[in-house]
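The structure under discussion appears below in the form of structure tokens.
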Amino acid sequence: MTGPIDRRTFLATAAIGLTGCVASQASPSLNEENVQQANFELVTLPYDQWPSSNPDRQYYSPEEVSELPDLKMYRGESGATHALQTSRQLNLVAQSIRHADSTGVFEDAADRLTDAYVETATGFKNALFFPYEFEFNVHGNPAHKLPSPWYSGMAQGLSLGTFARLYHLTGRDRYAQLAERTYKSITDVRLPTSNSPWVSTIDDEGYFWIEEYPMQKPAHTLNGKIFAIYGLYEYWRATGRDDVAVTTREAMTTVRDHLPEFRKEGGVSRYCLTHDVTAEGYHQIHVRQFRQLDEMTAGTAFGEWADRYQSDFWTSKE
């Protein structure tokens, strides 16, 4: 594998300089690329501890679920489909299927919402990409405008997790197929300059990035990448497939090995690696996400990184 070995070695060493952590190595995987993957263990969490389980209860009543809109719109604007919010609504329906005494009305609602959601999708090489049908300025900066429609690795990952849950709960092949096509949208990595839909890329050092905001110069947004990992993990739990486990470890390895770069020691962590933007709210999200990743893995030291980032936050308040 080519790439600036000194920098990669430094980052990996810094990231694993905590107890019980294993180093990453390049291994063939996505599109036969040479991808960084640490050989740590994925923990088999029970369903109620899957990372996107909150809230783990019957969220809707039968009357409420029957009246849900087919799609969620950006700021209520007609025709401006919001992929992430639509996926989250469907995920809450899945949680209601799990907890309801009678599931028929909730399964019917899941079918209706899924039909509408899939109707919005762009199909490319048997993959499904769910759109944000509105323009968006990353960090509120028009220089970083994403034109409509655009696709987000975060939304793709959460959609994957939602279909994985529906498959796990209902056993229906429909949801297995939708999950697989959504999974393909994440594993079909592309160059950031591609004119085709894409949400994932591999950098010069062999690290696998899932981009919340796919741009020609990838931002490498931390929280969105981790939320996408949740979907990969849940697909692995729903299927038990070795290839999905490999993809999940590759995505986690990228996060772990770059935590020194996202960190601002004694301050608030970076929102992404390309733009010098910080936000206290997202710093706390990072800490919670690291603790969640620590529960999902063994030998990664994500929990210790959570402690470090949390200490940085309180130091910044002194």
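The values are calculated or read from the model by the stated rules, or taken from the named source; none is laboratory data. Every value quoted in this text rests on a predicted model; they were computed, and no experiment measured them. Counting neighbours? That spans all protein chains shown, and the Cβs are built from the backbone with ideal geometry, glycine included.
For segment 68-95, taking the residues that are modelled with pLDDT of 95 or more and of a type in the set (D, E, K, R), the one that is farthest from L166 (Cα to Cα) is identified as K72.
Any residue at all in segment 176-196 that is among the polar types (S, T, N, Q), in contact (Cβ under 8 Å) with a residue 40 or more places away in the chain, over 29 Å from G240 (Cβ atoms) and not in a helix (DSSP H, G or I)? So far as segment 176-196 goes, yes, one or more of its residues are among the polar types (S, T, N, Q), in contact (Cβ under 8 Å) with a residue 40 or more places away in the chain, over 29 Å from G240 (Cβ atoms) and not in a helix (DSSP H, G or I). Taking every residue in segment 88-99 that is of a type in the set (S, T, Y) and pairing it with any residue that is surrounded by fewer than 22 Cβ atoms within 10 Å (Cβ to Cβ), at least 6 positions away or on another chain, the pairs with Cβ-Cβ distances below 6 Å are S96/Q58; S96/Y59; S96/Y60. So which of F163, F129 ends up being among the aromatic types (F, W, Y), closer than 30 Å to V277 by Cα, buried (at least 22 other Cβ atoms within 10 Å of the Cβ) and under 19 Å from the mean Cα position of the chain (by Cα)? Result: F129 is the single residue among F163, F129 that is among the aromatic types (F, W, Y), closer than 30 Å to V277 by Cα, buried (at least 22 other Cβ atoms within 10 Å of the Cβ) and under 19 Å from the mean Cα position of the chain (by Cα). Restricted to segment 253-280, and to residues there that are of a type in the set (S, T, N, Q) and touching a Lys or Arg at 6+ places or on another chain (Cβ under 7 Å), the residue that is surrounded by the fewest Cβ atoms within 10 Å (Cβ to Cβ) is T278.
The listed residues are F134, F106, and the only one of them that is more than 20 Å from the chain's Cα centre (by Cα), buried (at least 16 other Cβ atoms within 10 Å of the Cβ) and assigned to a helix (DSSP H, G or I) turns out to be F106.
Residue count for segment 249-282 under the criterion of being within 19 Å of the chain's Cα centre (by Cα) and either of a type in the set (A, V, I, L, M) or in a helix (DSSP H, G or I) (or both): the result is 15.
H283 meets all of the listed conditions (1) in contact (Cβ under 8 Å) with a residue 40 or more places away in the chain; (2) surrounded by 18 or more Cβ atoms within 10 Å (Cβ to Cβ) but one, namely (1). Starting from residues that are part of a helix (DSSP H, G or I) and in contact with a Gly (Cβ under 8 Å, 6 or more places away or on another chain), keep the ones in segment 137-160 and report whichever is surrounded by the fewest Cβ atoms within 10 Å (Cβ to Cβ). Result: M154. Within segment 28-55, which residues are farther than 16 Å from L232 by Cα, of a type outside the set (S, T, N, Q) and more than 19 Å from the chain's Cα centre (by Cα)? Within segment 28-55, P28, E32, E33 meet the criteria. When A251 is tested against (1) at pLDDT below 95; (2) within 15 Å of A38 (Cα to Cα), exactly one condition is not met: (1). Looking at E205, E304, just one residue is farther than 30 Å from R174 by Cβ, in contact (Cβ under 8 Å) with a residue 24 or more places away in the chain and either hydrophobic (A, V, I, L, M, F, W, C) or part of a loop (DSSP other than H, G, I, E, B) (or both), and that residue is E205. Residues that are in a loop (DSSP other than H, G, I, E, B), touching a strand residue (DSSP E or B) at 6+ places or on another chain (Cβ under 9 Å) and surrounded by fewer than 24 Cβ atoms within 10 Å (Cβ to Cβ) within segment 214-248 comprise P214, M215, P218, A219, listed in sequence order. For beta carbons closer than 7 Å, sequence separation of 6+ or different chains, a first residue in segment 48-67 that is within 16 Å of I226 (Cα to Cα) and a second that is of a type in the set (G, A, S) and not in a loop (DSSP other than H, G, I, E, B), the qualifying pairs are S52/G161.
Apart from one condition, K145 fits all of (1) at pLDDT 95 or above; (2) at positive phi; the exception is (2).
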